[in-house]
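Here, each number is a calculation from the coordinates, and none is a lab measurement. Computed from a predicted structure; not experimentally measured. No Cβ is skipped: glycine too gets one built from the backbone with ideal geometry, and neighbour counts run over all protein chains shown.
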Amino acid sequence: FRSQHRRSRSLNQTSKQPFLTEINIGCRLNVGFNCLFSRQASDSKREQFRRYLEKAGVVDSLTSVLVSLYEKPEKPTNALEFVKHNLGAVGQTSEDVEALQQEVIDLRQRCARLAEENEELKAKLQQYESSSENGSTAT
């Protein structure tokens, strides 16, 4: 090492270019070596993250939504909204969706009937209360 250093020093005294070139090459190799290890570490982290997403079913869900978007004959104006809306419905068939929609309709109708019945019962209760008040004051 010392002999190389002396040689580079002597080259440096006669011409600064070889010494600077030696430094540049050394730095490039060192940086390249560090980048290689850094790239391997980030590749390993990426691979772990990819396996995590696959195991959680995220990759399959996203793929399914994107395929359904691709297969739509008329593309929606807002692709992001389409993905957001359909991401929650992944794995549900059209029969499931139709059944759920019908259940919502049925429940809304039932709620309206119960609200109507509630109003009728309130009116009857008010009639009984007012007639019992009138009956008790008449005696």
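Working out 0.36 nm times the residue gap between Arg113 and Tyr52, then minus their Cα-Cα distance, what length gain in nm do you get to one decimal?
On the way: separation 61, 0.36 × 61 = 21.96 nm, distance 4.89 nm.
Additional length available on full extension: 17.1 nm.
For Leu62 and Glu103, what does the FRET efficiency come to when R0 = 35 Å and r is the distance between their Cβ atoms, rounded to the nearest 0.05?
Working: r = 28 Å, r/R0 = 0.80.
Computed FRET efficiency for Leu62 and Glu103: 0.80.
Dipole size in debye (nearest 20) for the range 38-125 around its Cα centre, Lys and Arg Cβ +1, Asp and Glu Cβ -1? Numbers along the way, then the final one.
Numbers: 14 positive and 16 negative charges, 131 e Å.
Roughly 620 debye for the range 38-125.
Between His85 and Leu121, what FRET efficiency comes out of the Förster formula 1/(1 + (r/R0)^6) with R0 = 35 Å and r the beta carbon distance, rounded to 0.05?
According to the calculation, E is roughly 0.30.
Give me a comma-separated list of calculated 3J(HN,Hα) values for the range 119-133, in order, Karplus coefficients 6.51, -1.76, 1.60 applied at θ = phi - 60°, integers in Hz, x for any Gly or Pro.
Going residue by residue, I get 5, 4, 5, 5, 5, 4, 4, 5, 4, 5, 5, 5, 6, 6, 5 Hz, with x marking Gly and Pro.
Report the one residue of Leu107, Ser132, Val97 whose Cα lies farthest in the direction of the positive end of the charge dipole of the range 93-133 (charges on C-beta: Lys and Arg +1, Asp and Glu -1; origin at the Cα centre).
Positive-most Cα among the choices belongs to Ser132.
With a 10 Å radius around each residue's Cβ, average the other Cβ atoms per peptide and rank 79-86, 59-66, 114-121, highest first. Present the calculation step by step, with values, prior to reporting the outcome.
On the way: 79-86: 12.8, 59-66: 14.8, 114-121: 10.0.
So the peptides 79-86, 59-66, 114-121, ranked by packing, come out 59-66, 79-86, 114-121.
For the range 93-133, what is the charge dipole size about the Cα centre, in debye to the nearest 20, if Lys and Arg each add +1 at the Cβ and Asp and Glu each add -1 at the Cβ? Walk me through the numbers before you get to the answer.
On the way: 5 positive and 11 negative charges, 39 e Å.
Around 180 debye, computed over the range 93-133.
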